[in-house]
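Encoded as structure tokens, the structure appears first; notes follow it.
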Amino acid sequence: MSQQNNTSYRSILKATGVFGMMQVFRILISVVSSKFVALYLGPIGLGLVSLLNNATSIITAITNFEFLTVATREVALIKGSEDNSALSKTIATLQKMAVFIGLFGAIVSLFFSKTLSYFTFGTQEKQHWFILLSVYFIITSFSNARMAILQGMNNIKRLAICNIIAAFLTASGTIIIYYFYRIEGIIWVILYSSVVLFLITMYFTRNYSLKFTPFNLTEFYKQSSPIFKLGFFMSINLILGQISKFIIKLYINDGGDSLQIIGYYEVSIVILVNYLGLIFNAMALDFYPKLSTISTDNEKVKQLVNNQIEIALILVTPAIVLMYIIAPFLIKLFYTAEFSSSFLILKMALFSVILKAVVFPIGYIVLVKGNKKLFFKQALFGDIVNLILSIVLYHFFGLFGLGLAAVLNGVFFGIYIYLMVNKHYNFNFFSEGKRLVLINLFIGLVAIAIVYSFEQFYMYIFISILFIISALYSLKELNKRINLKHFISEKINRRK
């Protein structure tokens, strides 16, 4: 294995470790915070929080143009060119875009405050919440512009520290605000969290000073138009994705025990997306800016994506096998025994996470290339396939069908996106990567076979054996790529 590859694997592993710990820390803070919030607000208050958050997310999806994502890409592209004047110019453009995007969100929230209050809460009494929420959109837009600098410049440690501090201060302030104001504190918590994030991102990007240049509409349009267009397509995809999930829930809700089943479905999604998803979130924070930096070189893109897939599989597969053992306990720990049926979905759906480890890095290729039409088709295909499979398979197979839909969606989406990037960008798997993909998918299939073939006692025994085999195999493959002994000794020496 070449020295260049070895360095690439080490970089990916290091970043995943740093951001992974950051995600774990944020989740722990969130869990502690949620306990206090539940104590101070009660079920009614939590329901109001959920409704306001949903309304905020919808307004954001419509007005935000996925600003953080597209802005991160722009900064990373300029970083790759090593042109400092171009970087300053890009940051200045992003700051001006932040003004427009923030004002757009604020205007929507202000002008439709009465309507939004009625549709969200069934009353116009919370109109003042949406009036105050307009401030949130302006502040958050500026925060995204500054956060994009951190992500685009790929400053791993600073970005991780920034997120941890923001999570800690937000959680602490949330507890204090709810203690004193209870339900009326809901809107103030949202505003407080936006101010905290803005101040922290400003501090951590203080080296990139705010420079207010004269506003030239023609020049601004020329610079921002491609960014806005890509962001617009991403926003449309985000909205369509939310609609797709909403339709699935509506279909599930059309039955006798439907509310319970939606509860099981929600718990399975939380475990798959929030808990296991932290692995992919950690990867994306480092991988996306890196890939954007080299996006014009197809060979380098191919190399990095293959490396990322290999590390993702090495880390994810043992974790998924382990989840077959601990998922039932996690469900009872974080929820109650009443939600145990969620495992009927997870039995099959957990395998989709291994598929995601392969598909996830490939999916970024079209995004960093900035091909709006291909990206739109890619996301639309995934949403439509997910919608059809979830409804049809739930109709015939119930909870098992929802898990099977997640797997088949991963298969169909994976095949589609591979063929697309292979055709347009000459992407393919390296021989070493193919072998790793096939072996890890086989391990995942064996796990499914064990879960559906044996009673609980024997299932735990055989899954435990499979976990040991998977973990040892992953360690062997990881050692082949980064020389674990040397990697660990380096870490120890640096700390000394």
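Quick look at the values:
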read-out	value
Listed residues 460, 103, 483: farthest to the positive end of the dipole of the chain (Cβ charges)	483
Distance between modelled label sites at residue 199 and residue 381, nm, 7 Å Cα→Cβ extension	4.7 nm
Apportionment of accessible area to carbon and sulfur, the range 366-478, percent (1.4 Å)	74 percent
Expected-Rg normalisation [2.2 N^0.38 Å, Cα atoms] applied to the range 272-379	1.26
Rg(Cα)/(2.2 N^0.38 Å) for the range 408-483, N = residue count	1.42
Alpha carbon centroid spacing (whole Å) that separates the range 289-355 from the range 83-160	30 Å
Along each principal axis, Cα extent of the range 11-165, largest first, Å	54, 35, 18
Probe 1.4 Å - accessible area at residue 182, Å² to nearest ten	100 Å²
Over 19 Å (Cα to Cα) - which of 229/369; 79/290; 126/245; 290/373; 96/373 fall in this group	126/245; 290/373; 96/373
Mean Cα-pair separation over length for the chain, i.e. relative contact order, pairs under 8 Å, 6 or more apart, %	19 percent
Cα-projected label distance for residue 179 with residue 412, points at 7 Å along beta-carbon direction, nm	5.2 nm
Å² per residue, accessible surface of the chain at 1.4 Å	49 Å²
For the chain, radius of gyration divided by Kirkwood radius, i.e. Rg to Rh on alpha-carbons	0.95
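The values are calculated or read from the model by the stated rules, or taken from the named source; none is laboratory data. Model, not experiment: these values are computed from the prediction. We place every Cβ from the backbone using ideal geometry, glycine too, and count neighbours over all the protein chains shown. Protein only, heavy atoms only, side chains kept; ligands, DNA and RNA dropped before computing areas. Shrake-Rupley method; radii C 1.70, N 1.55, O 1.52, S 1.80 Å.
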